[in-house]
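For reference, the structure is listed below as structure tokens.
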Amino acid sequence: MKKSTPIYGVTRVDNETSRTHGWLVTVQRRGVIFRRQFSDGVLGGKARSLAAAKAYRDEIVAKHPPLSRREHAEIVKKSNKSGVVGVCRYCASESGRRPNAEERWFWVASWVLPDGRAKRVKFSVRKYGEEGAFKLAAKARREAVRQMAGNFDPGATRRKKRLSRA
């Protein structure tokens, strides 16, 4: 069976039990979910309902553009403890969990690269001091966010890159 290419924001619904056949459009923008069903029976077939679903999806996307990568990177999460998005305190133990293991503390700046990989930069508390390491991490994060371009794609990390066979 040939696997069809997914259509952004549009899903096929075929439920024999409830005799529901059509396309479901679901697009989320800035916390608001836009959802509408397009029935094959009402719209005159599978092709027409798909065309109507795509038109609705395109209208929503045009009226409500996605977050930019920069906007998404600046969202403060509930779990943030440092007060700066993308900056956290980290402890590295030299020899595991032994009682006399030396603990090394860092402030870490992290962000997502355009290809979806995570980037982290550590600043040692021992080397720069608590405040100095924190300030350097915050500065590194600010610089990385400033250079971000393009729109946020929530599915980018789930999609596998296709390898070209040349």
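The values are calculated or read from the model by the stated rules, or taken from the named source; none is laboratory data. As the structure is a computational prediction, the values presented were derived from the model and not from experiment. Glycine also receives a Cβ, built like all others from the backbone with ideal geometry; neighbour counts cover every protein chain displayed.
Taking strands (runs of 3 or more DSSP E) that fall entirely within segment 9-127, which contain at least 1 residues that are in contact with a His (Cβ under 9 Å, 6 or more places away or on another chain), farther than 20 Å from Ala140 by Cβ and hydroxyl-bearing (Ser, Thr, Tyr)?
The qualifying strands (runs of 3 or more DSSP E) are 32-39.
Out of (1) closer than 24 Å to Val27 by Cβ; (2) buried (at least 17 other Cβ atoms within 10 Å of the Cβ); (3) not assigned by TED's automatic domain parsing to the domain that holds Ile33, what's the single condition that is false for Tyr56?
(3)
Mind counting the residues in segment 72-95 that are free of Cβ contacts under 8 Å to residues at least 24 places away in the same chain and among the β-branched types (Val, Ile, Thr)?
Residues in segment 72-95 being free of Cβ contacts under 8 Å to residues at least 24 places away in the same chain and among the β-branched types (Val, Ile, Thr): 2 in total.
Being loosely packed, with under 14 Cβ neighbours inside 10 Å and polar (S, T, N, Q) narrows it down to one of Thr20, Thr11, so name that one.
Thr11 is the lone residue from the list that is loosely packed, with under 14 Cβ neighbours inside 10 Å and polar (S, T, N, Q).
How many of the residues in segment 109-166 are small (Gly, Ala, Ser), at pLDDT 90 or above and more than 17 Å from Gly86 (Cα to Cα)?
Qualifying residue count, segment 109-166: 1.
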